[in-house]
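Below is one structure, written out as structure tokens, with a few remarks after it.
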Amino acid sequence: MTQLFITGIGTEVGKTICSAILTQYFKADYWKPVQSGDLDNSDSHKIESWTENTICHPETYRFKLAASPHQSAGEESIEIEIENFKLPKTDNSLIVEGAGGLMVPLSDHFFMIDLIEKLALPVGLVVRNYLGCINHTLLSIMALEQKKLKLEFLILNGTFPPDTERVITGFIKKETRIIRIPEMDQPTKDSIKASAEQLTKTNL
């Protein structure tokens, strides 16, 4: 069974779309440990609508304010405790989606990367092309290496200039596999399924 933590080089890089595709591909369960904002249209709701027959496990923390988790928690006079996070029990594969990037604070004392370390999961790092993405990607890879966390997949979401892709892919270790996700502005169940089937053809 595959267990994978999906994180990104920043916010709005397409983690949920990539999580949906991998959830569909692996026929996995889905878990979002912390949801900040959009409680009526959460990432779990999106995964349920974009994939087929997916079990979405309840979040450990849910906050009303769409902000960094430590700020959202503070608005509700709550402090996120790392000890409260437990992997859901399942016989299926599991895709876990973080919030933002690796150094997003969950409290004043620990960050998203510390949660990955606690859960002891390999990582899928979502990268999107924008000015500065090379810097953000390489810093993220270095942070994972510093924590001795395994970068299982480098997920290239959308199209990249050849010069950008060459530098990014040249920085990863040989055992890290590369996934290329097509540009997808308005995901649907059909487009997510088609992308998952394309991954099958590439023998992911």
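Going by the structure shown, is residue 154 closer than 12 Å to residue 8 by Cβ, without any contact (Cβ under 8 Å) to a residue 40 or more places away in the chain and not β-branched (Val, Ile, Thr)?
Yes: the conditions hold for residue 154.
Could you say which residue among 178, 168, 192, 172 is touching a Cys at 6+ places or on another chain (Cβ under 9 Å) and surrounded by 14 or more Cβ atoms within 10 Å (Cβ to Cβ)?
It is 168.
I want to confirm something. Restricting to segment 1-14 and keeping residues that are open to solvent by 10 Å² or more (accessible area, probe 1.4 Å) and among the polar types (S, T, N, Q), which single residue is modelled with the highest pLDDT?
Ranking the candidates gives 3 first.
Quick check, is residue 73 more than 16 Å from the chain's Cα centre (by Cα) and hydrophobic (A, V, I, L, M, F, W, C)?
yes
Based on this model, can you work out whether residue 140 counts as small (Gly, Ala, Ser), buried (at least 16 other Cβ atoms within 10 Å of the Cβ), within 23 Å of residue 68 (Cα to Cα) and in contact with a Ser or Thr (Cβ under 8 Å, 6 or more places away or on another chain)?
yes
Taking interchain pairs and intrachain pairs at least six residues apart, which have beta carbon atoms under 6 angstrom, with the first residue in segment 86-100 and of a type in the set (Gly, Ala, Ser) and the second open to solvent by less than 20 Å² (accessible area, probe 1.4 Å)?
93/28; 98/7; 98/112; 99/34; 99/69
Scan segment 15-41 residue by residue and report those that are small (Gly, Ala, Ser), open to solvent by less than 20 Å² (accessible area, probe 1.4 Å) and modelled with pLDDT of 95 or more.
Correct list: 19, 20, 28.
Which residue pairs have Cβ atoms under 7 Å apart, sit 6 or more places apart or on different chains, and have a first residue in segment 102-123 that is small (Gly, Ala, Ser) and a second that is not in a loop (DSSP other than H, G, I, E, B)?
107/70
Given the criteria among the hydroxyl-bearing types (Ser, Thr, Tyr), open to solvent by less than 20 Å² (accessible area, probe 1.4 Å) and in contact with a strand residue (DSSP E or B) (Cβ under 6 Å, 6 or more places away or on another chain), does residue 51 qualify?
no
Please specify each residue of segment 28-79 satisfying the condition of being assigned to a loop (DSSP other than H, G, I, E, B) and touching a residue at least 60 places away in the same chain (Cβ under 8 Å).
Within segment 28-79, 28, 32, 33, 51, 52 qualify.
Return the only residue of 92, 135 being closer than 16 Å to residue 22 by Cα, out of contact with any helix residue (DSSP H, G or I) (no Cβ under 6 Å at 6 or more places or on another chain) and open to solvent by 30 Å² or more (accessible area, probe 1.4 Å).
Residue meeting the stated conditions: 92.
Sort out which residues of segment 166-203 are of a type in the set (A, V, I, L, M, F, W, C), more than 19 Å from residue 6 (Cβ to Cβ) and in contact (Cβ under 8 Å) with a residue 40 or more places away in the chain, and write them in order of number.
Across segment 166-203, there are no qualifying residues.
The values are calculated or read from the model by the stated rules, or taken from the named source; none is laboratory data. Predicted, not measured: the structure shown is a model, and the values here were computed from it. Positions of Cβ are generated from backbone atoms using ideal geometry, with glycine treated the same way; all protein chains shown enter the neighbour counts. Each accessible area value is taken on the protein alone, full model and side chains, heavy atoms only, with ligands, DNA and RNA left out. Shrake-Rupley method; radii C 1.70, N 1.55, O 1.52, S 1.80 Å.
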